[in-house]
Every structure is written in structure tokens, then in C-alpha cells.
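Just below is one structure, and these are the notes that go with it.
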Amino acid sequence: MQTDSSFTFVLFGGTGDLSMRKILPALFEAHRAGGMLADSGKIVAVARHAADRGEYIQWVNEHVKPHVSKNGVDETAWSSFLERIEFVKIDLGNPEDFALLRDAVKDLPGIRVFYLATGPSLFVPICRALASVGLNENARIVLEKPLGYDLKSSNAINDAVGEIFAEEQIYRIDHYLGKEPVQNLLALRFGNALFEPLWRREWVESIQITIAEELGVEARGDFYDNTGALRDMVQNHLLQLLSIVAMEPPYSMDSDSVRDEKLRVLRALKPIDPLNIGKVAVRGQYHAGGIRGNAVPAYATEPGVKPNSTTETFVALKVEIENWRWAGVPFFLRTGKRLADRVAEIVVNFRAVPHSALGASALRAGANRLVIRLQPNESIRLYCLAKQPGEGMNLASVHLDLAFDQFFREGQMEAYQRLLLDVINGRLALFVRRDEQEAAWRWVEPILNEWKASNKPPKPYAAGTWGPAAASAMLAQHGTCWLEEEN
Ligand code: BG6
């Protein structure tokens, strides 16, 4: 990917965790690879916790360098990367300081990108302060999640930001959309003739989408306790994955064709009936347990978490899409912290053959299934039935495996790297449009409200398991179970 798009990339929250772990390492990787970032492009870090550029560069050396390139740092590339970095000390609470930023960027080249790697409460004040010094013109603004706490608060942010930046200037990040395997899902669905005719209610019995984590809440107990898994993972990552799995083929990959199709899916989600919520939504919270042989504490004893917290660390949902293609097909979504394995995957369970001339063993052996593993170890596995060797017609399930690292040994790109390059190059397809975000909140909100109103505590599960038994019972009602296999 060659580029001549010059840029000035202004990073608010320049000494924050996200800048340290993701944003600056991703920019370094793009720089190191060569040809992806224009030579003249500059990074302007904005922070309060460094006195000057020298101190900031020292911080980058100490804190960012350990997060770049797993195979060791290329020192020549690292020094030339540091030369791209400028620094402006600003107190974000003081709008007058933005004149310093205006002066710092006025002679810098290319398109201006403002990346707000800060808490959402600062989004609007920063945008207003940028506008007060004229920096909103012809610029792009990147907003990190969480964007709001519910529909009302997300609308309030979007309205206020929308008064300053046009929708085409706003890049709302959902890092799942930047993941290589999620891109591959589009390739699988729309680059192959094989799957599309089967990708519908006539041939698909159910679909599962899992994002399971072994990690707990780490140092984010306070944030997480006010958020919970539904807001942290379902409203954004899981619903985005669902919309890509279920969408109609877009007529092109341009940003609005893709986002229009995703939006149609989000708008077609069957609203959750509050009276029926126990049948279609399970919330859980982890208790003490063990992950890979190591004891881990209960959620309620994690730093920053209220001891009597009722925040969910696990969610399982049965979702339906009310349209011609998917009517009646259950989509089971689940996500959780401190689960038995770290895995993100999509499982498409196909229907059994309408009539088996091959006898009972064909039915016992199950039906076709496509398992798209997003992480770790991206792969696609297609389960088919085959005759067992020997006498008689006994069938067994076998699989065709496609492990991506066997085909493509190099060139994998981290989600943040892809997304940052897209911002710099003005490609909006992998960013969430406002109407998509609203549709997702609109669907999620009744669940949040009902959980709040019912005042029932989440169901307990031991850390290191697959979540509360109720999540399995929900699938059992539909004659199926979660796929939980070793890869
Ligand atoms: C983030 C959530 O958006 O995604 C985190 O806030 C979660 O709680 C993370 O751990 C998971 O992302 P990934 O890329 O590690 O699967």
C-alpha cells in the first residue's frame, strides 16, 4: 500500500494506556513497514504529563517501545519514527491552551487528524475548543469507544460533535472492524460463490457468535463496573460482527454501501420482549475460580469494583433478524470475561439433509457446520460427513481446514494499524456511522432497562468455565449447544 497522503496526526491522551499499547505502536509499525505513511507526516502528541518534547520522547522510549514489534525493534526505524513526533503541552480543561495547538500545527503538512484517545466526557469539550481556534475545518476526528452510556448520552455526544464536524469527518472506532479475520469474513462471504446460496434460512439452522476472554477486568475495574459486558462488548463488537455475518451483499466496498447494509440488519433485529427476557438473555458474573491452573479472584473483589456489584461480566443472547433471509433463524451471541478460553468465533450450523438415504448413522453424525475462528489462530473449518472405512455405511463428521498462517506467512496487520491508515487515507468503511450506533443502542437499551428494573443479580459462574449453566440451557431449548472445542 503506497501512499502520498501527508498528514498531521494529533493524538489527545498522548500518555494514556491506549496511546501506549495500541496507537503509537500501530503508527510505528506502519512507519517501519515503509511506503504506508507519507515521509512528511507528523504525529503531534497532546498531553499534560510531560513538560516538553524531550520528556515526552523519553516517555515513548520507556513505555511505548516495549509494545512494538514482537520480534525486536528495528533501531534505525525507531529513531526515524521518533523524528515524526512533536509534542504540545495542553491542559484540556483550559480551552485557551488550544491556541498553542493551533500554532504548533499551522505549518505542518497534509490532512489533519484529531484522535481523541481520552475519556468520552472530554470529547465534546475538545471538539468545541478545536472549533474555537478553527481547527475543525477540513479535519478528521477519531472517537474511541465507549461513545456514551446509552442512547441518550450517545446522542448527546453525537449531536454536539455533529455541530462541529460533518458526519464524513467523524471516524468512530470499533477495533473489531479492523481485524484481519473480520475483513476475511467479507472475503469469504462475497468473494466466493460457494457459500452465498446457502447463507439463508432455508439452509442455516442457527448461528453462534462468541467472543470469550480469559482476562478479567485488569486495571479497569472502576470503568467496567459502571459499564458491564452488554455495553462493553455487545452494543458494539458483537452487533457489528452479527451485522457483517447477516448483511446482504453490498454493491461495492465503498463506505456507505457497506454501512447501509449493516444498518439494515441492525434495524431488522427483533426487539426483545421484556416479558420474555429470561428466555432470550442470560447475564452472569464470575466468582473465584482458576484460569489455566492459576487461581483468580471473584469479580466483586477486583480493585475498583463495588463488593455488592450486580454488573454483568457475561452475556448470552438469542437474537432474531426479521427479514426475508433470516426469519426464524436464531443467532446466539455470547461474550464474557474470565471464561475457559480466549476465542472469538462464528459458527454456522447448517440444516440436516431433508431425507437421508444413508440411514440413521447419517443423522446421528450431525449436519454440516462452518466454523470461522477470528482469534487466536485465524482459521476456517468446514465440517462434512464422510463414510467410515470398512463394511457398511457408517458416517462420521470430518473437517476441511484452512489455517490462514499456512497460506499467508507475512503481511498480517494489526487492527489499529489498518484503522489508522484508513483514517489518514480518508476511508470510512470500517468506522461506525451514527445511524448504526443509534440502531445498536436502540436494540440494546430495553435489555439494560429490564435488567435494571428487575433488580435480579446476575447468575454466578466460576472463573475459568464457560459461564452460567443458563446459557447452555437457552441453547438446549433449541436443540443445540455452544461449540466449545479445542483447536
Ligand atoms: C474492548 C473492551 O473494546 O475489547 C475490552 O473494552 C475487551 O473489555 C476488548 O477486553 C477485547 O478486544 P480483543 O481485541 O482483545 O478481543
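The values are calculated or read from the model by the stated rules, or taken from the named source; none is laboratory data. Computed from a predicted model, the values in this text were never measured in an experiment. Cβ sites come from the backbone with ideal geometry, for glycine too, and all protein chains shown count toward neighbours. In case anyone asks, the SASA skips ligands and DNA or RNA and just uses the protein heavy atoms, side chains included. Shrake-Rupley method; radii C 1.70, N 1.55, O 1.52, S 1.80 Å.
In table form, for the structure just shown:
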read-out	value
Accessible area per residue, Å², the range 292-402 with all protein chains present, probe 1.4 Å	48 Å²
Efficiency of FRET between Asn276 and Ser132 - r from beta-carbon atoms, R0 56 angstrom, step 0.05	0.65
Under 5 Å, built H, 5+ apart or other chain: amide partners of Arg112	Thr8, Arg140
Inter-probe distance in nm under a simple model that places probes 7 Å from Cα toward Cβ, at Glu410 and Leu194	2.8 nm
Average accessible area per residue (Å²) across the range 66-190 - probe 1.4 Å, nucleic acids and ligands excluded	43 Å²
Helix axis angle, 123-132 relative to the chain longest principal axis, alpha carbon, degrees	40 degrees
Shape category assigned to the range 412-487 from the gyration tensor of Cα positions, a/c cut at 1.5	oblate
Simple spin-label estimate for Asn455 and Ala403 in nanometres, 7 Å along Cα-Cβ	5.4 nm
Value in Å of the Kirkwood radius, where the range 162-258 supplies the Cα pairs that are averaged	16.2 Å
Shape box of the chain [Cα atoms, principal axes, largest first, Å]	80, 50, 46
Diffusion coefficient, µm² s⁻¹, Stokes-Einstein with Kirkwood Rh over alpha-carbon pairs of the range 352-414 at 10 °C and 1.306 mPa s	115 µm²/s
Inter-part distance where the range 288-342 and the range 123-194 are each reduced to a Cα centre, Å	26 Å
Computed over the range 34-159: relative contact order in percent, which uses C-alpha pairs under 8 Å that are six or more apart	25 percent
Computed FRET value (nearest 0.05) for Arg53 with Ser472, which takes r as the C-beta separation and R₀ as 35 Å	0.05
Helix 434-454 axis, angle to the chain major axis (alpha carbon atoms, nearest 10°)	60 degrees
Alpha-carbon centroids, the range 374-442 and the range 41-61: separation in whole Å	37 Å
Helix-only mean residue ellipticity at 222 nm for the chain, each DSSP H run of n ≥ 4 adding -39500 (n - 2.57), per residue, nearest 500	-8500 deg cm²/dmol
Calculated from backbone phi, Karplus (6.51, -1.76, 1.60) coupling profile of the range 272-281 in Hz, x at Gly/Pro	6, 7, x, 6, 10, 4, x, 7, 10, 9
Relative contact order %, the range 339-414, counting alpha carbon pairs below 8 Å whose residues are six or more apart	26 percent
Label point distance in nm, Tyr251-Ser361, each placed 7 Å from Cα along Cα→Cβ	5.2 nm
Rounded, prolate or oblate (a/c below 1.5 giving rounded, otherwise prolate when a/b exceeds b/c) for the range 156-215 by Cα gyration tensor	prolate
Computed lengthening from Asp74 to Ser5, 0.36 nm per intervening residue step minus Cα-Cα distance	22.4 nm
Backbone HN-Hα couplings from phi across the range 283-292 [Karplus 6.51/-1.76/1.60, Hz, Gly and Pro as x]	10, x, 9, 7, 9, 4, x, x, 10, 6
Spatially proximal aspartates and glutamates relative to Lys145 (Cα-Cα < 12 Å; intrachain offsets below 8 disregarded)	Asp174, Asp232
Rounded to 10°, Cα long-axis angle of helix 415-424 versus longest principal axis of the chain	50 degrees
Using θ = phi - 60° and Karplus 6.51 cos²θ - 1.76 cosθ + 1.60, couplings along the range 395-411 (whole Hz; Gly, Pro as x)	9, 9, 7, 10, 9, 9, 10, 10, 9, 5, 6, 7, 8, 10, 7, 10, x
Long-range HN-HN contacts of Ala45 with modeled amide H, under 5 Å	Leu11, Glu86, Phe87, Val88
Accessible surface of the range 268-376 [probe 1.4 Å, protein heavy atoms]: carbon and sulfur percent	58 percent
Portion, in percent, of the accessible area of the range 80-235 that falls on carbon or sulfur, probe 1.4 Å	51 percent
